[in-house]
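Here the structure is laid out as structure tokens; the discussion comes afterwards.
The values are calculated or read from the model by the stated rules, or taken from the named source; none is laboratory data. This one's a predicted model, so the numbers in the text were calculated from it and none came from an experiment. Reconstructed Cβ throughout: ideal geometry from the backbone, glycine too, with neighbour counts over all protein chains shown. Remember, those area values only see protein heavy atoms, side chains included, never the ligands or the DNA or RNA. Shrake-Rupley method; radii C 1.70, N 1.55, O 1.52, S 1.80 Å.
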Amino acid sequence: MTADSLYTDITPILLWTVLGFSLVISVAALTTVIVLLRNRPAIVKAAPMPAAAASAPLLRESEKNGRSPEEALIHWSPEMLKQILAAELPDTELIVVSNREPYVHEHGPGGVELKVPASGLVSALEPITRTCAGTWIAHGGGSADRETADANDHVMVPPDAPAYTLRRVWLSEEEYKGYYLGFANEGLWPLCHIAFERPIFRAADWECYQAVNRKFADAVVQEAKTKRPIVLVQDYHFALLPRLVREQLPEAIIITFWHIPWPNSEVFSVCPWREQILDGMLGSSILGFHIQLHCNNFIESVDRFLESRVDREGAAISYGGRTTLVHSYPISIEWPEQTTPRRRTSAWARRRVLERFNLRPDVKLAVGVERLDYTKGILDRFHAMDEFFQQHSDWIGRLVFLQIAAPSRSSLPAYQALYQECQTLVEEINARYGSEGYQPIVLIPEHHDQHELSDLYRAADLCVVSSLHDGMNLVAKEFVAARDDEAGVLVLSAFAGASRELLEAIIVNPFDASGMGEAFYQALTMPIEEQRMRMRRLREVVRSNNVYRWAGSMLMDAARLRQREQFRELGSMPASAATPAASPPPARVIETPMKARV
């Protein structure tokens, strides 16, 4: 046999051997991988992140706008606010202007009764005015308001420990209807909220709005004891007031805070008197909104409709020879007093609420607390309940939604229609899922005082804030503040300003009923450890970003403006020469807040 023939015979054998060996190795490797995959520890798949949560901001609103990290170390309290006034604004006169008064006198069965209106604005401003011993100017709308005021239309409040003056302004029925119910609440309110309610603008309402703003401006001038008061103008009822006050008190520091959203310039353009409103608001020294987005929208509106110079980097608008700063100041609440042994426990509050509304002790309780308003998404949370029961039928009979819906603007057709729609939808859902002794939705169209609301918050397993559009929404913060047991879950609309602060809440899109229903399920099944982890962080945020920080931030900005005005008056005189030697500068205990903003 030749070498060539031998090579020819061996080559096929070698090739088949190599191929066979390779195949054996491949099979062994594949078998090993399969065994390893089968025996590896189970991997828990994360629940898909809701779209609203996925787009949640990385920074809270209070962490933006150049605030220094040291600001978080400051404990904002009434005492701190007094230090600010003493150190930065000594002998300063504070005047607050709002439509709603903090105390109302009404005729009742037992005589004259004193009532505190359910209002986020009042909750925020009352402790500030009390601390600053200022003057609060408001519409006197109570049936016994006139007879309880003195000859100058003054009342010292609070009645148990008088701390400031309430000046009441009287309006005729025609003025009230045109200014408040008409232009403010049928015009500006739907214009500024993306709630798909068409704004109504009437020339007669606009005339009333102008007249009432002039009346309140005259009251400010009458109450001012100095030429340079600090005037805090509150909300959309007084868009013209800053300019009217500026004309009579040119040296005043006027801070206007707009408590509702500001629309983009395209939406705002539908207002027939847009230029006059912008001109009125730019009479302010400082113009505040809850969040930066609303500041941006306002600046855009001014840039589009008025001849002005806009400094976007410095958030300032120069118009008519004056400059207005436009900043975000997220409003908050007064943090409750420290827990004492006598304070009601959450278990006590739960028993009381369940007994009051005749609910079984084993049910899970969801609560909503709102004015009856189309911007609050009350119908949407009811639709979410319907979706929830469709997807999780085992929860029928185990969950009750208790909705407090305080009557509001009930003379307006849009609000009357909303009430009827709510009643009809609740009856449909209760008929669909209810049974003897069980109604899944309990609708209470009544006002409740703060103590009653605190019990509701402390009794709830979850609190739902499903606003379609909201400047801030203080109900979310009140719920967090009430939960000193660190339990309960907050379900919060992405379209409420509070969602920019309370990032540990379950953030939802209220227009997505199915998604909100799944958020209910997530809240109801959340382990207590996770509830406490989230609530602990939420409470830290609300405690530190309280109403005194909100007011202190604005007053610090006002102090800096006043100092710079004084320096301009002194020309090039250095600060040391401007301060008398016998009066050393006060300790700068609050030098860090807002230092990069003005």
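Sub-8 Å Cβ pairs linking a first residue in region 543-558 that is within 21 Å of VAL231 (Cβ to Cβ) and of a type in the set (A, V, I, L, M) to a second residue that is in a helix (DSSP H, G or I) and open to solvent by 10 Å² or more (accessible area, probe 1.4 Å), at least 6 apart or interchain, are VAL547/SER123; LEU555/LEU85; LEU555/GLU88; MET556/GLU88, ordered by first then second residue.
Residues that are at pLDDT 95 or above, in contact with a strand residue (DSSP E or B) (Cβ under 6 Å, 6 or more places away or on another chain) and either part of a helix (DSSP H, G or I) or among the β-branched types (Val, Ile, Thr) (or both) within region 149-196 comprise VAL155, THR165, VAL169, listed in sequence order. Of all residues in region 299-316, those satisfying the criterion of being assigned to a helix (DSSP H, G or I) and open to solvent by 30 Å² or more (accessible area, probe 1.4 Å) are GLU300, ASP303, ARG304, PHE305. Run THR375 past the list (1) surrounded by fewer than 17 Cβ atoms within 10 Å (Cβ to Cβ); (2) polar (S, T, N, Q); (3) touching a residue at least 12 places away in the same chain (Cβ under 8 Å) and report the number of the one that doesn't hold. Evaluating THR375 over (1) surrounded by fewer than 17 Cβ atoms within 10 Å (Cβ to Cβ); (2) polar (S, T, N, Q); (3) touching a residue at least 12 places away in the same chain (Cβ under 8 Å) leaves (1) as the failure.
Wholly within region 442-538, which helices (runs of 4 or more DSSP H) include no fewer than the required count, namely at least 1 residues that are more than 26 Å from GLU428 (Cα to Cα) and open to solvent by 10 Å² or more (accessible area, probe 1.4 Å)? Step through it out loud before you land on a result.
Values: elements: 450-459, 474-482, 513-524.
Qualifying helices (runs of 4 or more DSSP H): 450-459, 474-482.
Flag set for ASN545, criterion: buried (at least 22 other Cβ atoms within 10 Å of the Cβ) and among the polar types (S, T, N, Q). May I ask you to list pairs of residues, at least six apart or on different chains, whose Cβ atoms are under 6 Å apart, with the first in region 124-140 being part of a helix (DSSP H, G or I) and among the hydrophobic types (A, V, I, L, M, F, W, C) and the second being at pLDDT 85 or above and open to solvent by 10 Å² or more (accessible area, probe 1.4 Å)? The qualifying pairs are CYS132/LEU94. For region 93-105, a residue qualifies if it is in contact with a Leu (Cβ under 8 Å, 6 or more places away or on another chain) and either open to solvent by less than 40 Å² (accessible area, probe 1.4 Å) or farther than 19 Å from ALA219 by Cα (or both), and the qualifying residues are LEU94, ILE95, VAL96, VAL97, SER98, GLU101, PRO102, TYR103, VAL104, HIS105. Scanning region 391-422 for residues that are open to solvent by 20 Å² or more (accessible area, probe 1.4 Å), closer than 20 Å to LEU359 by Cα and not in a loop (DSSP other than H, G, I, E, B) turns up SER393, ASP394.
Restricting THR226, THR256 to those that are among the hydroxyl-bearing types (Ser, Thr, Tyr) and assigned to a strand (DSSP E or B) reduces the list to THR256. Tell me whether region 182-192 contains one or more residues that are acidic (Asp, Glu), closer than 18 Å to HIS259 by Cα, touching a residue at least 40 places away in the same chain (Cβ under 8 Å) and open to solvent by 20 Å² or more (accessible area, probe 1.4 Å). Scanning region 182-192, I find at least one residue that is acidic (Asp, Glu), closer than 18 Å to HIS259 by Cα, touching a residue at least 40 places away in the same chain (Cβ under 8 Å) and open to solvent by 20 Å² or more (accessible area, probe 1.4 Å), so the answer is yes.
Of all the numbered requirements in (1) over 30 Å from LEU372 (Cα atoms); (2) modelled with pLDDT of 95 or more, LYS227 misses one, and that requirement is (2).
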